[in-house]
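The structure appears right after this line, and notes come after that.
The values are calculated or read from the model by the stated rules, or taken from the named source; none is laboratory data. Every value quoted in this text rests on a predicted model; they were computed, and no experiment measured them. Neighbour counts are summed over all protein chains in view; Cβ atoms, including those assigned to glycine, are modelled from backbone coordinates with ideal geometry.
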Amino acid sequence: MKFKIRKGKKKDIPKIFELIKELASYEKAISEVDISEKELLVDGFGKKKWYWFIVAERNNEILGMSFYFIRYSTWKGKILFLEDFIVKKKYRRFGIGRKLFEETIKVCKEQNLNGMCWQVLDWNEIAINFYKKYNSNISNEWLNGRLTKNQIEKF
């Protein structure tokens with residue numbers, strides 16, 4: 001299957017939002033999606049960019065995406081955080097995920113970043129095995145902490 005990898009554009013936001021919801025549904029957390037298309041548009045293409053994304057595209061259809069931002073580690077410095085990485089279900093097993101992931105690694109190299117990190121659910125063995133192909137370290141030591149906007153407002 002032929003497809004191209006390119007940087008994300010403003011016009012992609014509705015399709016990116018669909019992919020975000022598809023991933024949330026796959027992770028059994030669709031009710032956790034609180035963001036809107038409008039927020040995605042402002043945050044990705046407003047005065048201050050909070051994130052970037054890369055898409056796999058074929059015949060003007062977005063097949064998958066790599067959605068990331070740069071975080072700062074007090075131990076390591078600038079690190080690319082791969083927030084979401086998804087290929088539409090019907091397009092899996094065509095090498096699209098590999099190309100998107102490798103293009104994201106190239107972003108790290110081009111921006112001279114000190115690493116790349118992501119989270120993967122402990123039950124998602126397909127994803128874990130995919131990441132292991134890149135000799136990545138998958139930790140089971142760290143636990144995720146989080147406060148929601150609602151919890152912060154109640155503070």
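Can you find even one residue in region 5-14 that is modelled with pLDDT under 95 and part of a helix (DSSP H, G or I)? Before the answer, list the steps.
Within region 5-14, the subset modelled with pLDDT under 95 is none.
So far as region 5-14 goes, no, none of its residues is modelled with pLDDT under 95 and part of a helix (DSSP H, G or I).
Please work out if Ser31 is polar (S, T, N, Q) and either at pLDDT below 95 or assigned to a helix (DSSP H, G or I) (or both). Write out each step before concluding.
Details: polar (S, T, N, Q): yes; either at pLDDT below 95 or assigned to a helix (DSSP H, G or I) (or both): yes.
Yes; evaluated as a whole, the condition is true for this residue.
The residues of region 37-51 that are assigned to a loop (DSSP other than H, G, I, E, B) and exposed (fewer than 14 other Cβ atoms within 10 Å of the Cβ), listed by number, are Gly46, Lys47, Lys48, Lys49, Trp50.
Among residues of region 86-132 being basic (Lys, Arg) and farther than 23 Å from Glu22 by Cβ, the one that is surrounded by the fewest Cβ atoms within 10 Å (Cβ to Cβ) is Lys109. Among residues of region 127-154 that are farther than 17 Å from Gly115 by Cα, those with a Cβ under 6 angstrom from a residue that is in a loop (DSSP other than H, G, I, E, B), sequence gap 6+ or separate chain, pair up as Ala127/Val120; Ile128/Val120; Ile128/Ile138. Residue count for region 124-147, restricted to those that are more than 20 Å from Ile79 (Cα to Cα), among the hydrophobic types (A, V, I, L, M, F, W, C) and in a loop (DSSP other than H, G, I, E, B): 1.
Could you go through region 71-88 and let me know if any residue there is without any contact (Cβ under 8 Å) to a residue 40 or more places away in the chain, farther than 26 Å from Gly44 by Cβ, out of contact with any Gly (no Cβ under 9 Å at 6 or more places or on another chain) and not β-branched (Val, Ile, Thr). For region 71-88, residues without any contact (Cβ under 8 Å) to a residue 40 or more places away in the chain, farther than 26 Å from Gly44 by Cβ, out of contact with any Gly (no Cβ under 9 Å at 6 or more places or on another chain) and not β-branched (Val, Ile, Thr): present.
Which one of these is in contact with a Phe, Trp or Tyr (Cβ under 6 Å, 6 or more places away or on another chain) and modelled with pLDDT of 95 or more: Phe81, Phe94, Phe101? Talk me through it step by step, then tell me what you get.
Working: Phe94 fails: in contact with a Phe, Trp or Tyr (Cβ under 6 Å, 6 or more places away or on another chain); Phe101 fails: in contact with a Phe, Trp or Tyr (Cβ under 6 Å, 6 or more places away or on another chain).
Selected residue: Phe81, the only one of Phe81, Phe94, Phe101 that is in contact with a Phe, Trp or Tyr (Cβ under 6 Å, 6 or more places away or on another chain) and modelled with pLDDT of 95 or more.
Taking the numbered list (1) closer than 21 Å to Cys117 by Cα; (2) surrounded by 12 or more Cβ atoms within 10 Å (Cβ to Cβ) in turn, Tyr72 passes all entries but (2).
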